[in-house]
Amino acid sequence: MLKNMNKTKKSNLITYAIVIVAFVVMQTLSSTGSISSLLTGLLVPLCTYIILAVSLNLVVGILGELSLGHAGFMCVGAFSSAFFSKCMRDVIENSIVRFLLALLIGVVVAAIFGVIIGIPVLRLKGDYLAIVTLAFGEIIKNLVNVLYIGKDSKGFHFATKDVMALDMDPDGTVILNGPQGITGTPKDSTFTIGVILILISLMIILNLIHSRGGRAIMAIRDNRIAAESVGINITKYKLMAFSVSAALAGVAGVIYAHNLATLTAQPKNFGYNMSIMILVFVVLGGIGNMRGSIIAAIVLTLLPELLRGLNDYRMLIYAIVLIVMMLFNWSPKAIEWREKYSFRRKTASNKQAEEV
């Protein structure tokens, strides 16, 4: 059966299999108590980082544009879904239905922001695009920190000053409390849900890459003028990649928001540092390489915690691993060595030997 499959389907199935095998191994280790509670607590955030890495790789690796506002789309998805879940907590008692609706809202809102931001921003390229998307991420984070939303018998109240400015009835409740964020979001995210969403995200991205639209996106990346000359709609396909990437960042935001008791928009989780960290996953895993992004996200998320026992040398080892991964992925000699000893090349040479 595998022999009859083309290379693309075989490669995609291997990627899905890696994720499923990793899930089974981690679930087994977790159920037997072989891993610490600290590492168990990192499993859901790890799913978030993997989705963020593969979705950003769609823009950076496949479209060929540098975006630094990915944390902003994650923030939009997180807060819109958390807002819905907190409002509907007593109305929709079934946690699965409530989470699915919150997921849908987070994805749609993030995708809408992706289109709104993408239409003017994608006219830029290179450093200018990076600066504007970075500004978008910071604006979103700061807007959330100055916004107060409450609800009482009269409906929703909005303010940008403080909680008292909401002017609610005594029975009113504050949903979004400015810098203090949203408290009391139901913790519906699980490792199983995270892995399912990783597989769905991979299916969407890999199918898009190998579709007609994906080939058009890669043609724009390779040579914009040549792509335009053969009739490819540049704006349409760039916007497609950007909005799909934003929507998947929204998915990551939903998982992240429903894993915390209190959701706040801090620089470390929705700011510039988060966008840079996601970009590091993409670059170290290999630009355009989805499997590499997954591996880089896993290694760079778990490594600092695994090295916590070596407290004095932890950051030194972390830095060495980063340098080694970068050299392995981008050094010309390393690329030449990988191609020489690659499994595909050996298989092809064996087939040729058999035919002779």
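Odds and ends about this structure:
- Ordering 175, 271, 282 by Cα displacement along the dipole of the stretch 173-284 toward the positive end leaves 282 in first place; charges were set at the Cβ atoms of Lys, Arg (+1) and Asp, Glu (-1).
- Summing charges over all other residues whose Cβ lies under 13 Å from the Cβ of residue 57, with Lys and Arg as +1 and Asp and Glu as -1, gives +1.
- The packing ranking, built from the mean of other Cβ atoms within 10 Å per residue, places the peptides 123-135, 51-63 in the order 51-63, 123-135, highest first.
- Scoring 95-102, 245-252, 114-121 by mean Cβ neighbours within 10 Å over their residues and listing the highest first yields 245-252, 114-121, 95-102.
- Rounded to the nearest 20 debye, dipole of the chain from Cβ charges on Lys, Arg, Asp, Glu: 1340 debye
- Divide the volume of the convex hull around the Cα atoms of the chain by the residue count and you get 189 Å³ per residue.
- Acute angle (nearest 10 degrees) that the helix 212-222 long axis makes with the longest principal axis of the chain, alpha-carbon atoms: 80 degrees
- Entry note, the chain: the mean residue ellipticity at 222 nm calculated from DSSP H runs of n ≥ 4, each adding -39500 (n - 2.57), is -22500 deg cm²/dmol after division by the residues and rounding to the nearest 500.
- Acute angle (nearest 10 degrees) that the helix 272-285 long axis makes with the longest principal axis of the chain, alpha-carbon atoms: 20 degrees
- Among the listed pairs 141/236; 9/333; 141/268, those whose Cα-Cα separation exceeds 20 Å are 141/236; 9/333.
- Here's the picture: charge each Lys and Arg Cβ at +1 and each Asp and Glu Cβ at -1 in the chain, and of 64, 113, 231 the one pushed furthest to the positive end of that dipole is 231.
- Just so you know, the Cα atoms of the stretch 144-303 work out to an Rg and Dmax of 20.6, 65 Å.
- The angle between the Cα long axis of helix 234-257 and the main principal axis of the chain comes to about 60°, on a 0 to 90 degree scale.
- Charging the Cβ of each Asp and Glu at -1 and of each Lys and Arg at +1, and nothing else, the dipole of the stretch 153-193 about its Cα centre rounds to 120 debye.
- For the stretch 127-189, a simple Cβ point-charge model (Lys and Arg +1, Asp and Glu -1, everything else neutral) yields a dipole of about 60 debye relative to the Cα centre.
- Summing charges over all other residues whose Cβ lies under 12 Å from the Cβ of residue 79, with Lys and Arg as +1 and Asp and Glu as -1, gives +2.
- For the stretch 4-134: rounded, prolate or oblate by the Cα gyration tensor [a/c cutoff 1.5]: oblate
- Burial ranking of peptide ranges 195-203, 38-46 (average Cβ count within 10 Å, highest at the top): 195-203, 38-46
- Signed unit charges on C-beta, dipole axis of the chain, positive-most listed residue 41, 256, 26: 26
Bear in mind these aren't lab numbers, they're just calculated from the coordinates by the rules spelled out. Computed from a predicted structure; not experimentally measured. A quick note on method: Cβ atoms are made from the backbone with ideal geometry, for glycine too, and the neighbour counts reach across all protein chains shown.
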